[in-house]
1. Give the long-range amide H neighbours of E12: residues separated by 5 or more places, or on another chain, with amide H under 5 Å away, using H modelled in the peptide plane at 1.01 Å from N.
2. At a 1.4 Å probe, what is the % contribution of carbon and sulfur to the accessible area of region 16-307?
3. Could you size up the charge dipole of the chain around its Cα centre, putting +1 on the beta carbon of Lys and Arg and -1 on that of Asp and Glu, and report it in debye to the nearest 20?
4. Once the Cβ-Cβ distance between Y258 and I220 is put in as r, and R0 is 25 Å, what FRET efficiency do you end up with, to the nearest 0.05?
5. Taking only Cα atoms and a 10 Å spring cutoff, compute GNM fluctuations for the chain and point out the largest among K90, K298, K81.
6. What percent of all Cα-Cα pairs in region 85-166 falls into each 5 Å bin, going from 0 up to the bin containing the maximum distance?
7. For region 127-229, calculate the relative contact order in percent as a whole number, restricting contacts to Cα pairs under 8 Å that are 6 or more residues apart.
8. Pop out the Kirkwood hydrodynamic radius of region 134-273 from its pairwise C-alpha distances, inverse of mean 1/r, in Å to one decimal.
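The values are calculated or read from the model by the stated rules, or taken from the named source; none is laboratory data. These figures come from a predicted structure and were not determined experimentally. Neighbour counts run over all protein chains shown; Cβ positions are idealised from the backbone, glycine included. Note: areas computed on protein heavy atoms with side chains; ligands, DNA, RNA excluded. Shrake-Rupley method; radii C 1.70, N 1.55, O 1.52, S 1.80 Å.
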Amino acid sequence: MERINQTSSVSEFILLGLSSRPEDQKPLFVLFLIVYLITITGNLLIILAICFNPHLQTPMYFFLSFLSLTDICFATSVVPKMLVNFLSEKKTISYVGCLTQMYFLYAFGNSDSCLLAVMAFDRYVAICDPFHYGTTMSHHRCVLLAAFSCSFPHLHSLLHTLLLNRLTFCDSNVIHHFLCDLSPVLKLSCSSIFVNEIVLITEGPIVLVTPLLCIAFSYIRILITVLKIPSTSGKRKAFSTCGSHLTVVTLFYGSIFYVYLQPPSTYTVKDHMATIVYTVLSSMLNPFIYSLRNKDLKQGLRKLMRKRS
């Protein structure tokens with residue numbers, strides 16, 4: 001705490017949220033409470049269905065269970081504070097709370113990104129090299145890939161959090177956002193943010209783009225392999241295993257690149273909707289996207305519900 005007080009005269013920030021109109025607060029609270037409950041319930045059901053169904057003990061569903069767990073943590077780092085502020089007259093967050101939220105926001109967001117890349121690699125091996133799938137995607141290797149995907153993003157998040165903590169914040173403490181995101185917080189600093197911006201526009205895109213390049217490479221190889229399959233049914237079966245993953249990738253990366261591949265100085269309130277998509281909506285929709293297009297997972301969910309009843 002002494003370190004924080006020395007570098008900042010601001011002890012808390014004010015989050016303006018999605019709307020400043022009092023009549024909007026309760027409807028927004030109800031809306032996001034429903035979204036949050038659906039997110040938690042849907043992802044928990046996916047995890048339980050995979051854990052208790054022997055037919056789903058495969059690398060693809062192993063990574064999906066980690067993605068669902070990360071989505072729960074990702075949404076939890078954002079939505080509860082939003083819900084509190086919807087019902088509060090003074091929509092504040094402490095300086096430490098702001099840094100903490102930002103840390104977990106980037107840690108879990110980038111874990112999602114890495115897991116999506118690992119899942120694309122899994123589909124690549126399954127379709128392009130099926131005879132060596134068992135050895136390539138061994139349990140030991142799957143555990144290492146999942147561990148790396150969930151641990152490496154914490155280093156990226158820690159870097160930006162430490163760089164932010166060295167800045168000085170003077171009088172302005174109003175964040176034009178519903179969460180503590182890096183770009184709007186940087187705009188409040190009364191000290192130089194040159195180092196932060198350099199790191200943001202160099203290291204940031206590398207962390208974001210590298211998983212996407214892995215996904216793109218995997219699907220290019222998958223496409224080449226599938227086009228060589230002579231039967232239409234074979235092509236359809238191969239593509240069906242990738243459809244859900246591609247939908248999730250498009251939803252997640254489309255919104256996240258819109259927000260972060262721009263300098264902090266150009267950040268505007270219009271980016272709020274894109275932020276909601278990748279922080280809240282994608283975590284809620286992922287279970288539906290994967291379960292509705294996957295017969296094995298739907299069967300696993302039915303068995304789970306029958307056990308509960």
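1. Answer set, sorted by chain and number: Y95.
2. Working: 9860 of 13910 Å².
Summing carbon and sulfur atoms, their accessible area is 71 percent of the total for region 16-307.
3. Details: 24 positive and 15 negative charges, 298 e Å.
For the chain, the charge dipole is close to 1440 debye.
4. Values: r = 23 Å, r/R0 = 0.94.
With R0 = 25 Å, the Cβ-Cβ based efficiency is 0.60.
5. Judging by the Gaussian network model, the answer is K90.
6. Here the calculated profile for region 85-166 is 3, 14, 16, 15, 12, 11, 9, 7, 6, 4, 2, 1, 0.
7. Relative contact order for region 127-229 comes out at 33 percent.
8. Numbers: mean 1/r = 0.0545 Å⁻¹.
It is 18.3 Å.
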